[in-house]
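Since the structure comes first, as structure tokens, the remarks are kept for the end.
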Amino acid sequence: MTADAPRPRQELPSRREIHGHRRTDTRGIPVVTGAIKALTGSIPAVGKRSEGAGGPSTGTTAAVPSPAPGTSGHTSSGRTAPEASPASPVATTASPAAPSDGDDGGSATSPAERTGSPDEPEVSHERRLLVALLGERRLALADSRRARLIGWLGTLVVTAVAAVARLWQLGRPETLVFDETYYVKDAHTLGSEGVELQWPDDPNAAFEAGDVSSYLDQAAYVVHPPVGKWMIWLGMEAGGGATNPFAWRLASAVVGILAVLLLVRIARRLFASTTMGLVAGFLLAIDGQAIVHSRTALLDQFLMFWVVVAFGCLVLDREQARRRLAARVGAVLDAGGSVARYGPRLGFRWWRLAAGVSLGLACGVKWSGLWFVAVFGLLTVLWDVTARRRAGIGRWLEDGVLADGVPAFLQIVPVALVTYVASWWSWIVSSNPAGYYRDWAADNPDETVSWIPDWMESLWYYHQQMFSFHTGLSSEHAYAASPWGWIVQWRPTSFYWERTSPGEGSCPADADGACAVAVTALGNPLLWFLGALAIVVTILLGIWLRDWRALAVLSGVVAGWAPWFLYTDRTIFTFYSIVFLPFVVLTLCYPMVVALERSRWRQGRGGTLAVIAGIVLAIALVSVAFYPFWSAMQVPYDYWREVIRFQNWI
């Protein structure tokens, strides 16, 4: 090298080579940005990285309408907006740590941050809207055959666990337990004669022995609609007839198993996570209330089932409606149009119609299904309104109420009403014998209106009497329980109890002590206690994150639990909590989902999964300990005393 030759450029080591491959410590950024958001209503672009720059964006999903023509072209945060139609939404990529779609009200990143490179191909309006309305995580869920296969295999395994817990020794005990004394016999006469008929005094012993035809030719006064009893009858027909205790409970077991399968798929779609869908289904599969109601022929199990079906239909409707909205708004924008005022109509919503039918069937089991009609109806309209806002539609509230709210009312309320009335068909057409109060209008012509069909007036009068019964029921009962304690299963209901001495009945003669057989409608204590805490956490997270999923999971708890506080003077029981149990499970899963999402790109994700696994394992061990008292399994009396430790559980 000569003296005149240029010296080679010295290559200095980079900061990463000196300090290692460490990420910048940004743990304090959420605190700072949260404070800025609270003061200004927007979040600064701190630590964001575009996909075009080599990594996923960490901005939350949002829709940012571009400025109208003639404006400066800058957003309120000082970033340049893209050129688009006046109401064109620009959706950013959803953060893995954010809720699965855009209803959380999070901030928006600029187009420059989103695109990252001028050479990156432009994303279509429809795709941007899909990301804004559903989220990247939901769109990526089960996008491969392997993922779908794993999802269904896991669902089948969890469902198999539920089936074993419910079907094993289903005919035990071989006697009518608790309110089976009403519903099994009513179901038998309803299926055989078309209406519920009276029985002679003390008929249970004869019925349990196989004499199932001793009912009288007189209509019975019943205070619940017929759908649940029709379902019990179908189970008896499929299981060998009314002489078989297994058949009495078969329908309850089948819908209990199906409810687990449905909850897996609903939670998977709701949380955009196959893992958390399986967790939700497994927790329902092993809870005590769910197992006991699946092994006894009571009505509340069928009410729970139709409520879950309705909720699942609405979750499917929400996704289908948002896909339609993205496609139709995208088509308008692609054609150079605008949604600055109103958006497109979404067509007929078959899943929402199915929800209306399901809610009508729920009311046809018990009237408490009415609360779910009201809450779910408001929920689906709220989803539609926020979707139109998210899509950048100018008059989103007005548009949502008129274009979606009115059809929602027509597809849910009248449909549920027609379905409910139709469930009384056998009572309406009954004549010999006629159903209870069926001939009231004919016997009381002075109290009727001539142009109203007599069956309709008789049915209305019957409902008035049923309402008076339910609102006036205040007789004392040893297991009556205030709704305040339901959420922690403070005062469970004993459906069956028997204590035998060694050598007596099925208790072994060489047993060290007495034997006990119990059927106690007691939910898994750990699950319900954690569920009570999760309700509080979910409310706080929902407010903080403005996450639609928090409201969704809490809606069933509100509809199934809160109304009972209006009837604290009435005789009510803890086992009514079976109706909102699936939503307690979803509420318990929700904080776990948020924890997973917010640790997805952090080293703590493995620890989060370990904590979730530990919670599920602990709940499972508690279920193993309590299962004998949910399934009428004979155990030593001392074991029963050890597990049933609290006086209020006895």
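The values are calculated or read from the model by the stated rules, or taken from the named source; none is laboratory data. Treat the numbers as computed from the prediction; the structure is a model and nothing was measured. A quick note on method: Cβ atoms are made from the backbone with ideal geometry, for glycine too, and the neighbour counts reach across all protein chains shown. Just so you know, the surface numbers come from the protein's heavy atoms only, side chains and all, with ligands and any DNA or RNA stripped out. Shrake-Rupley method; radii C 1.70, N 1.55, O 1.52, S 1.80 Å.
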Do me a favour and compute the ellipsoid semi-axes for the range 403-556 from its Cα gyration tensor, root of five times each eigenvalue, largest one first, whole Å.
-> 43, 33, 15
Ordered by packing density, taken as the mean number of other Cβ atoms within 10 Å over each peptide's residues, highest first, how do 194-203, 355-364 rank?
-> 355-364, 194-203
Go through ARG128, ARG352, ARG605 and list them by solvent-accessible area, largest first, probe radius 1.4 Å.
-> ARG605, ARG128, ARG352
Quickly work out the VAL418-to-VAL123 label distance, labels modelled 7 Å from Cα along the C-beta direction, and quote it in nm with one decimal.
-> 4.1
Around SER213, with a cut-off of 13 angstrom between Cβ atoms, what is the net charge of the other residues, counting Lys and Arg +1 and Asp and Glu -1?
-> -2
Ranked packing of 149-155, 549-555, 623-629, most packed first, by mean Cβ within 10 Å = 549-555, 623-629, 149-155
Multiply the residue gap between TRP425 and LEU617 by 0.36 nm, knock off their C-alpha separation, and tell me the result in nm, one decimal place.
-> 64.4 nm
Residue-wise, which Karplus ³J(HN,Hα) couplings in Hz belong to the range 447-459, taking 6.51 cos²θ - 1.76 cosθ + 1.60, θ = phi - 60°, and x for glycine or proline?
-> 9, 10, 9, 4, 7, 8, x, 5, 5, 5, 5, 5, 5
Cα convex hull of the range 378-460, projected area averaged across orientations, nm² = 7.5
Looking at the range 119-171, which GluC sites (Glu not before Pro) are DSSP coil and have at most 14 other C-beta atoms within 10 Å of their C-beta?
-> GLU122
Would you kindly give the portion of the calculated P(r) for the range 273-325 that falls above 18 Å, as a percent of all Cα pairs?
-> 51
With DSSP loop assignment and no more than 12 other C-beta atoms within 10 Å, the chymotrypsin sites (Phe, Trp or Tyr not before Pro) in the range 170-212 are none
How much accessible area does HIS470 have with a 1.4 Å probe, in Å² rounded to the nearest 10?
-> 30
Of the accessible area of the range 535-580, with the probe set at 1.4 angstrom, what percent is carbon plus sulfur?
-> 75
Find how much the distance from ALA331 to ALA509 grows on full extension, using 0.36 nm per residue of separation minus their present alpha carbon separation; answer in nm with one decimal.
-> 56.2 nm
With LYS229 itself left out, Lys, Arg at +1 and Asp, Glu at -1 over residues whose Cβ is under 15 Å from its Cβ give -4
Please report, to two decimal places, log10 I(q)/I(0) for the range 168-237 at q = 0.26, 0.27, 0.29 Å⁻¹ as given by the Debye formula with identical point scatterers on the Cα atoms and no solvent.
-> -1.38, -1.46, -1.59
Please find the FRET efficiency linking ARG345 to ARG605, where r is the Cβ-Cβ separation and R0 is fixed at 56 Å, and quote it to the nearest 0.05.
-> 0.85
Local charge sum around TRP427 (other residues, Cβ-Cβ under 10 Å, Lys/Arg +1, Asp/Glu -1)?
-> 0
Determine the share of the range 372-488's accessible area contributed by carbon and sulfur atoms, expressed in whole percent, with a 1.4 angstrom probe.
-> 65
Going residue by residue through the range 517-526, the Karplus relation 6.51 cos²θ - 1.76 cosθ + 1.60 with θ = phi - 60° gives ³J(HN,Hα) values, rounded to whole Hz and with x marking Gly or Pro, of 10, 9, 10, 10, 7, 10, x, 3, x, 5
Pairs of Cα atoms farther than 11 Å apart, the range 203-249, % = 71
Which length gain, in nm to one decimal place, applies between GLN464 and VAL537 when the Cα-Cα distance is subtracted from 0.36 nm times their residue separation?
-> 22.2 nm
The rounded separation in angstrom of the Cα centers of the range 473-514 and the range 535-613 is 29
Could you calculate the FRET efficiency of SER450 with LEU378 from 1/(1 + (r/R0)^6), where r is the beta carbon distance between them and R0 is 45 Å, rounded to 0.05?
-> 0.70
Rounded to 0.05, the calculated FRET efficiency for the beta carbons of GLN647 and THR175 at R₀ = 22 Å is 0.25
